[in-house]
1. Name every residue in the stretch 413-422 that is of a type in the set (Gly, Ala, Ser) and assigned to a loop (DSSP other than H, G, I, E, B), in order of residue number.
2. Look at Leu697 and say whether it is assigned by TED's automatic domain parsing to the domain that holds Arg659, of a type outside the set (S, T, N, Q) and crowded, with 22+ Cβ neighbours inside 10 Å.
3. Grab the helices (runs of 4 or more DSSP H) fully contained in the stretch 102-220, keeping just those with 3 or more residues being buried (at least 20 other Cβ atoms within 10 Å of the Cβ), of a type in the set (Gly, Ala, Ser) and at pLDDT 95 or above.
4. Kindly indicate which of Gly645, Gly639 is at positive phi, within 27 Å of the chain's Cα centre (by Cα) and not acidic (Asp, Glu).
5. Taking the stated definitions as given, is Thr132 polar (S, T, N, Q) and closer than 16 Å to Thr499 by Cβ?
6. Residue check: is Thr532 touching a strand residue (DSSP E or B) at 6+ places or on another chain (Cβ under 9 Å) and modelled with pLDDT under 95?
7. Might you check whether a residue that is over 24 Å from Arg607 (Cβ atoms), in contact with a Cys (Cβ under 9 Å, 6 or more places away or on another chain) and not in a strand (DSSP E or B) occurs anywhere in the stretch 511-524?
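The values are calculated or read from the model by the stated rules, or taken from the named source; none is laboratory data. The structure displayed is predicted, hence computed values, not measured ones. Every residue, glycine as well, gets a Cβ built from its backbone with ideal geometry; the counts of neighbours run over all protein chains shown.
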Amino acid sequence: MTETAAPNSSTLSELETHHHDGPVGGWGSLKGLSAVALREAPNPITLAEELARQNKHGGFMCVSCAWSKPAKPNPAEFCENGAKATAWDLTRHRCTPEFFLQHTLTELRGWPDFDLEHQGRLTAPMRYDSATDKYVECRWEDAFSEIGRELKALEPKSVVFYASGRASLETSYMYSLLARMYGCNNLPDSSNMCHESTSVGLKQSLGAPVGTVTLDDFKHTDCILFFGQNVGSNSPRMLHELQPCAKRGVPIITFNPLRERGLEEFTNPQSPLQMVTGSSTSISTQYYQLRAGSDIAAMTGMCKWLIERDDATAGGVLNHDFISRYTSGFEEFAAFCRSVDWKDIERETSLPCGGIETAAATYANSQAVILVYGMGLTQHRFGVQNVHMACNLLLLRGNVGKPGAGPCPVRGHSNVQGQRTVGITEKPELAPLDRLADQFNFSPPRKKGRNTVEACEGILSGEVRGFVSLGGNFIRAIPDTERMEPAWKKLRLSVQIATKLNRSHLVPGEVTYLLPCLSRIERDVQKSGPQTVTMEDSTSVIHPSFGEVEPSSKDLLAEQVIVARMAEAVLAPNPRLDWSSWTDDYARIRDAIAETYPQWFKDFNTRLAEPGGFYRPNKARERDFSDTETGKANFFLPGRISATGFLDEPGLFRLMTLRSNDQFNTTIYGYEDRLREVSGTRDIVFMNPDDILECGLKDGETVGLATQDPDGICRQKLGLKVFAYNIPRGCLGAYYPECNVLVPLSHHAEESKVPAGKSVPVRIIRT
């Protein structure tokens, strides 16, 4: 039966606070999972059976984060958020055509994100009817026919093909091929919103756009640095690697504006002793709460200490052999670090130089160091420079290309790295266009396509007329949402491929289709039998995934089939490409991938039998830096020690958008952020107690935030409740995606154009 409950709006009066000084994991995780499972899962047995298969060889790859799964998994190889994601997909609720007959899109736009997705799995293809402002059921054949006609009528350069990071390698390869055969490179993806600064920065520094660390390196490291990554909420399974490191005495040094519980303590739910005794493992040995956007300054301070100590000890600190053999630009970088004044570093970070020196000394005494980072480095105006500085720090002591060492960017969506590997990119130089041309006998477009920010700019200007979305919740995830939603309605065509209802589906273009697809947890049976799909994790390992659950509706199609049917509707027949043959047997898609990318995917189908997946080679891991402009690993001068891109002024704060313990990206599982001591609402602004006092506010008072931006556009978020919190002075925290309205489209990282949501200049409004 369709659930049509009224919106479960979270009002300020519902706010509850509770004291949580315990570790991540343990009984708190089990309680959090139980709340979602009882609300969503069809029955405990089905959920238990699927969790037993999650991230196992012969099972399915987690549908949330991209952290790697080991060859020898734990009995329960999932975390709280991963289990919630599984329960969310296995929900007993169904969002049927009858639901849409009862609600207009105008009404549904007033519902919270949680209530929209809580309606359950979409069950049938739907077309928007502007006369009634409702979705109405349609036939698949009619949907593909009209989508094909509309795409043929549009200029290819005016159509965007967006992909979330959840689609498989097979789907992503087909999707990128569809876009290029159609005639454009407009292939933005969720990486544009998160880790594009990594793809640009690592490529420039090391020649490889991805990290060099594998799971095995955690067994060999003797020091781990953390910058801007909240492992407790965003990738809790990573704690399975960190806990053994902590137990054997590996220093774990954390630089992060907030004291995230996952980087302080962890109780492993799979340890009977810890669960029974309530004991835990301390994670970070040093924890430095620097101001948002001051990571360049902190890393400059560490590099400065290392270089000056090396000067004083006649070369006893740096790895000069590595530097001379493998790097370029050291002398200029060293001169820059020597010239920076410690007072400027202390002023920017709000950290005493003694703490930074202690961290640097620990690093200097370690032989193999992993540097882990997340969006706390990438989502700034100078996020690429943040990544450069992380590489600079590693290069000083040769911590790239040896066991136990290297950069380790932690990705979000479960295949966001992999889809880039197989062609989802707006940059033609990153796709093997000549090989594709020979393989499929067509002329790929050579003009650069639109990334996420440029796609939004095109929608605002009217240059973008069509938008096809392979999963995701684009309108909710992007910045400047109050400007984007009205512009979205001017699109001629909007096609949304999804498993559940979300905000993006409620802002229609002139012609709009909502196409429901299978989840990777569900059984996908085609003409050749049950199918397998593949993903690439954060450590460049390729894994197979096998769905076994009965599909939630008989009318669902696999993503691969939807892409193929759209391709057949819009493209001329090609004797070298039989889309239907590919969807009959996904092994044929993998054969095509192997032909396009033989350096990585030779014998693709055979290698899927390897427990723990197979590694996609990385030149930088072998100390081969030949793919940089100099042919060596490059030291880069940051040019500035703040990554924010704006000057501090009286009354101006640095806003960080945050994710709660009860969400994954734009998916909200509930209103419980137990790790930050909040429940009942997401309308919160976290604020330092001294800043509250200085501003003449009170804890619990309702305020608004306004963005300071030179374009003169008023951007406000009202109705936020002040919450006294341990956050550096001059910084504020508020939840993503609700506060994306405050992020100007123009406020993005230079070079990578990642929206700079971790340091937004805002002022407080008294309401």
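1. Within the stretch 413-422, Ser414 is the sole residue that qualifies.
2. Considered against the rule, which asks whether it is assigned by TED's automatic domain parsing to the domain that holds Arg659, of a type outside the set (S, T, N, Q) and crowded, with 22+ Cβ neighbours inside 10 Å, Leu697 comes out as no.
3. Here the list reads 169-182, 196-206.
4. Gly645
5. Here the answer is no, as Thr132 does not meet what is asked.
6. no
7. No - not one qualifying residue is present in the stretch 511-524.
Each row is one residue, and each column tells you yes or no for (1) assigned to a strand (DSSP E or B); (2) over 19 Å from the mean Cα position of the chain (by Cα).
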{"residue": "His380", "(1), (2)": "no, no"}
{"residue": "Leu395", "(1), (2)": "no, yes"}
{"residue": "Val400", "(1), (2)": "no, yes"}
{"residue": "Gly404", "(1), (2)": "no, yes"}
{"residue": "Cys408", "(1), (2)": "yes, no"}
{"residue": "Arg411", "(1), (2)": "no, no"}
{"residue": "Ile424", "(1), (2)": "no, no"}
